[in-house]
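Working notes for the structure below.
The values are calculated or read from the model by the stated rules, or taken from the named source; none is laboratory data. Treat the numbers as computed from the prediction; the structure is a model and nothing was measured. FYI the Cβ positions are ideal-geometry reconstructions off the backbone, even for glycines, and counts take in every protein chain you see.
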Amino acid sequence: MKGNPGSPDAAKVTPAREAIIRVRGLHTAFGPQVVHDNLNLDVWKGEVLGIVGGSGTGKSVLLRTIVGLIRPVRGEIQVLGTDVINGPESDRRAVEKQWGVAFQDGALFSSLTVLQNVMAPMREHLRLSHGLMKALGELKISLVGLPPLSCGKFPSELSGGMRKRAALARALALDPKIVFLDEPTAGLDPIGAAAYDDLIGELQRSLGLTVFMVTHDLDSLYAICDRVAVLAEKRVLVEGPVDMMATVDHPWVQEYFTGPRARAATAAD
Ligand SMILES: Nc1ncnc2c1ncn2[C@@H]1O[C@H](COP(=O)(O)OP(=O)(O)OP(=O)(O)O)[C@@H](O)[C@H]1O
């Protein structure tokens, strides 16, 4: 198993792959509450990385910190080689166009239609004609498996699963290199969740995306994740392929990856 990049033996065991996201010495806190303390993480180009951990271990905070919604107390985060914490704002703005984010609840603009939602990042970052943005928006919407009819619907007129797909279409609006997903299958029935996993896997392969996915869904981990990073004790406790997690000697990791739900997910894989 690959060690935490902060560990002394990391250089020996880390394969020569390109880190598209590199987090070093991250310290995040809300007042007196420390969420991350000296957290290190590498996300490899082209992988689907699942971020797991008990409730409140800081998975969503990590995602939100990487995409610039939360300012850490200290630490370094490089995305595509750009220092997004301490570098110039213009560099951050440039790299921001290269990622898309789909939040758990979709976080779609309720007063905009699905198509207008998908076109919103294009309006902000691209200088294209309305017709071209509309055509691109419709393309993204079909890419995530939504019917053309959904283009004119408002988020409140969609099912939960459709809202998640619409959020994904918006995350793909600018042809990003990296997609951040916060609990993408939460609230979906098992068939809907499996279909969403298939979609992510297919998009990752066809578009060459790197996917950073916060999840509690063991089925997703086994179905589409190349690697898993476990958050515990305010840091990345361990990272490596999902089928190696059962060998990790840590109570939470053992319970999570060898419990009955894990056995069911492995059997279904
Ligand atoms: N904006 C905020 N202000 C204050 N505290 C926050 C804020 N956002 C998160 N926290 C706290 O940070 C901790 C980590 O939250 P986070 O949402 O990252 O957990 P999580 O690992 O994603 O949990 P879950 O699996 O339950 O979603 C929690 O204790 C939470 O209350």
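Could you list all residues from the range 171-203 that are more than 16 Å from the ligand (Cβ to nearest atom), touching a helix residue (DSSP H, G or I) at 6+ places or on another chain (Cβ under 7 Å) and either within 17 Å of residue 64 (Cα to Cα) or hydroxyl-bearing (Ser, Thr, Tyr) (or both)?
179, 196, listed by residue number.
Name the pairs: first residue in the range 107-124 and free of Cβ contacts under 8 Å to residues at least 60 places away in the same chain, second residue among the β-branched types (Val, Ile, Thr), Cβ to Cβ under 7 Å, at least 6 apart or on different chains?
114/141; 115/141; 118/141
Of the residues 118, 101, 84, which single one is touching a Lys or Arg at 6+ places or on another chain (Cβ under 7 Å), closer than 24 Å to residue 154 by Cβ and among the β-branched types (Val, Ile, Thr)?
After applying the criteria, what remains is 118.
Considering only the range 44-69, state which residues are assigned to a strand (DSSP E or B), surrounded by fewer than 24 Cβ atoms within 10 Å (Cβ to Cβ) and more than 9 Å from the ligand (Cβ to nearest atom). So that I can check it myself, show each step before the final result.
At the first step, the residues of the range 44-69 found to be assigned to a strand (DSSP E or B) are 44, 48-53.
Checking which are surrounded by fewer than 24 Cβ atoms within 10 Å (Cβ to Cβ) leaves us with 44, 49, 53.
Of everything in the range 44-69, those that are assigned to a strand (DSSP E or B), surrounded by fewer than 24 Cβ atoms within 10 Å (Cβ to Cβ) and more than 9 Å from the ligand (Cβ to nearest atom) turn out to be 44, 49.
Between a residue in the range 35-58 that is in contact (Cβ under 8 Å) with a residue 12 or more places away in the chain and any residue that is within 8 Å of the ligand (Cβ to nearest atom) and charged (D, E, K, R), which pairs come within a Cβ distance under 8 Å, given they are 6 or more apart or on different chains?
51/59; 52/59; 53/59
Across the range 105-143, what is the number of residues that are closer than 14 Å to residue 167 by Cβ, surrounded by fewer than 17 Cβ atoms within 10 Å (Cβ to Cβ) and polar (S, T, N, Q)?
Adding up the residues that qualify gives 1.
Do you know which residues across the range 144-157 are surrounded by 12 or more Cβ atoms within 10 Å (Cβ to Cβ), in contact (Cβ under 8 Å) with a residue 24 or more places away in the chain and part of a helix (DSSP H, G or I)?
Residues of the range 144-157 that are surrounded by 12 or more Cβ atoms within 10 Å (Cβ to Cβ), as a first pass: 144-146, 150-151, 153-155, 157.
Next, from what is left, pick out any that are in contact (Cβ under 8 Å) with a residue 24 or more places away in the chain: 144-146, 150-151, 153-155.
Within the range 144-157, 150, 151, 155 qualify.
Quick check on my filter: what residues within the range 89-116 are charged (D, E, K, R), more than 21 Å from residue 207 (Cβ to Cβ) and in a loop (DSSP other than H, G, I, E, B)?
Correct list: 105 only.
Mind listing just one residue for me: the one in the range 70-88 that is within 21 Å of residue 181 (Cβ to Cβ) and of a type in the set (A, V, I, L, M) and, of those, farthest from the ligand (Cβ to nearest atom)?
Among those residues, the one meeting the criterion is 80.
Sort out which residues of the range 204-223 are within 14 Å of the ligand (Cβ to nearest atom) and within 17 Å of residue 98 (Cα to Cα), and write them in order of number.
Within the range 204-223, 212, 213 qualify.
With the condition kept exactly as written, say whether any residue in the range 189-196 is touching a residue at least 12 places away in the same chain (Cβ under 8 Å), in a helix (DSSP H, G or I) and buried (at least 23 other Cβ atoms within 10 Å of the Cβ).
yes
Taking the condition modelled with pLDDT of 90 or more, under 20 Å from the mean Cα position of the chain (by Cα) and loosely packed, with under 15 Cβ neighbours inside 10 Å, does residue 175 pass?
Numbers: modelled with pLDDT of 90 or more: yes; under 20 Å from the mean Cα position of the chain (by Cα): yes; loosely packed, with under 15 Cβ neighbours inside 10 Å: yes.
So residue 175 passes the test.
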